[in-house]
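The values are calculated or read from the model by the stated rules, or taken from the named source; none is laboratory data. Remember, it's a predicted structure, so these values are computed and weren't measured experimentally. Cβ sites come from the backbone with ideal geometry, for glycine too, and all protein chains shown count toward neighbours.
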Amino acid sequence: MSDTIEKIKCLIIGSGPAGYTAAIYAARANMNPVLYQGMQPGGQLTTTNEVENFPGYVDGVTGPEMMVQLQKQAERFGADIRDGWATKVDFSGGIHKVWINDAIELHCETVIISTGASAKYLGLASEQHYLQMGGGVSACAVCDGFFYRNQEVVIVGAGDSACEEAHYLSKLCKKVTMLVRSEKFRASKIMEERVRKTENIEILLNHDTVEVLGDGQVVEAIKVLNKTTNETYDIPATGFFVAIGHKPNTDIFKEYLTLDETGYIINTPGTSKTNIEGVFVAGDAADHVYRQAITAAGTGCMAALDAERYLAAKE
Ligand SMILES: Cc1cc2nc3c(=O)[nH]c(=O)nc-3n(C[C@H](O)[C@H](O)[C@H](O)COP(=O)(O)OP(=O)(O)OC[C@H]3O[C@@H](n4cnc5c(N)ncnc54)[C@H](O)[C@@H]3O)c2cc1C
């Protein structure tokens, strides 16, 4: 453990839209925020080329470009942006302790957690190839569905989110084929009924994804296995949506914070407050519903304001 302990008024963990927005507000409120970027500086948006739905960018923007601008905006007001990864916390006392890279010990008056969530993928080499290329694999229908208007797409998943996303896509796309790995949905009956009743959604139960096929640049079809007949065949598609869940990056907090069964941090509704005073949450780490950059940024703002008011009340 460390020899020196640094005292921090407002620590922000994570550098996605939630973290940087919190840093902008906290810096402008003279809270001297320190932000640790983690393993993925800029967060999830650094893995996408086209962001068309963040207000203010008339012609869209690439994810990495947008995140560099958010970082610069936070630095302009004096936010201290650092490399490093929060590896351990102790929220048992009045001062919140956080360790960075298992070495640096921080004693914080307030902590804003904005560690995001990671989409789960199938793990197929071809899936990862087209994901990296930005060539037709996505884990976010709301983000990317628009690019597949009037086209045929395949979605894999069987839960409520998968049904929600399939239904969303059905309004934009010519045809949506939904692959369900087992013989039944995991979704609630009402969500299952909604996709079953949608004319341009074809549901294939007991089907596995074998491979994402394409010309090396873009997706052209999905090879699937019908496990009932043992037959393998190709479904033409320009988009492949993976809706098999997300994993919130919240493991290090679970000893102290109230999480739901998937690991999302539970906040007091309408605020960024967690069950520990002085510890706030923003962005996808607490949001399994919207999962958008703008909602992450909005809750980042809320967390900084909540932290500022908490400190003011203690004075
Ligand atoms: C491919 C893709 C495309 C998308 N496209 C869009 C789009 O077009 N429009 C849109 O609105 N949304 C889009 N999204 C969703 C959007 O990216 C997320 O909703 C948003 O990034 C969530 O922001 P966040 O700040 O909560 O967390 P994230 O962006 O997930 O960032 C989390 C941050 O926390 C850090 N971190 C994690 N653990 C630790 C730790 N222990 N210590 C320190 N740091 C840590 C990470 O390094 C990262 O910087 C897309 C997502 C993906 C994956």
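Quick check on the stretch 203-234: of everything there that is farther than 23 Å from PHE185 by Cβ and outside any strand (DSSP E or B), which residue is farthest from the chain's Cα centre (by Cα)? Ranking the qualifying residues of the stretch 203-234, first place goes to ASP215. Annotation note: Cβ proximity below 9 Å between a residue of the stretch 288-308 that is under 23 Å from MET31 (Cα atoms) and in the same structural domain as CYS10 (by TED's automatic domain parsing) and a residue that is away from the ligand (no atom under 11 Å from the Cβ) and acidic (Asp, Glu) (sequence gap 6+ or interchain) occurs for ALA307/GLU109.
Candidates in the stretch 266-315 are the residues that are at positive phi and either of a type in the set (S, T, N, Q) or modelled with pLDDT of 95 or more (or both); of these, the one that is nearest to the ligand (Cβ to nearest atom) is GLY283.
Among all residue pairs at least 6 apart or on different chains, which show Cβ distances below 8 Å where the first residue, located in the stretch 42-54, is touching a residue at least 40 places away in the same chain (Cβ under 8 Å) and the second is in a loop (DSSP other than H, G, I, E, B) and near the ligand (Cβ under 6 Å from one of its atoms)? What qualifies is GLY43/GLY14; GLY43/SER15; GLY43/GLY16; GLY43/GLY116; GLN44/GLY16; GLN44/GLY116; LEU45/GLY16; ASN53/GLN292. The residues listed here are LYS72, LYS97, LYS120; of these, the one that is touching a His at 6+ places or on another chain (Cβ under 7 Å) and free of Cβ contacts under 8 Å to residues at least 60 places away in the same chain is LYS97.
If you filter the stretch 146-157 down to residues that are in contact with a strand residue (DSSP E or B) (Cβ under 8 Å, 6 or more places away or on another chain) and of a type outside the set (D, E, K, R), you find that the one that is nearest to VAL61 (Cα to Cα) is PHE147.
Taking the stretch 162-179 only, how many residues are under 23 Å from the mean Cα position of the chain (by Cα) and either surrounded by fewer than 21 Cβ atoms within 10 Å (Cβ to Cβ) or within 25 Å of GLU220 (Cβ to Cβ) (or both)? Let's see the steps before the verdict.
Narrowing the stretch 162-179 to residues under 23 Å from the mean Cα position of the chain (by Cα): 162-170, 172, 178-179.
With the extra rule that they be either surrounded by fewer than 21 Cβ atoms within 10 Å (Cβ to Cβ) or within 25 Å of GLU220 (Cβ to Cβ) (or both), the set shrinks to 162, 164-170, 172, 178-179.
Of the residues in that region, 11 qualify.
Scanning the stretch 267-285 for residues that are over 20 Å from ALA74 (Cβ atoms), surrounded by 17 or more Cβ atoms within 10 Å (Cβ to Cβ) and either out of contact with any Asp or Glu (no Cβ under 9 Å at 6 or more places or on another chain) or free of Cβ contacts under 8 Å to residues at least 40 places away in the same chain (or both) turns up ASN267, LYS273, THR274, VAL279.
Just one of the listed residues (VAL142, VAL153) is surrounded by fewer than 19 Cβ atoms within 10 Å (Cβ to Cβ), within 16 Å of the ligand (Cβ to nearest atom) and not small (Gly, Ala, Ser), namely VAL142.
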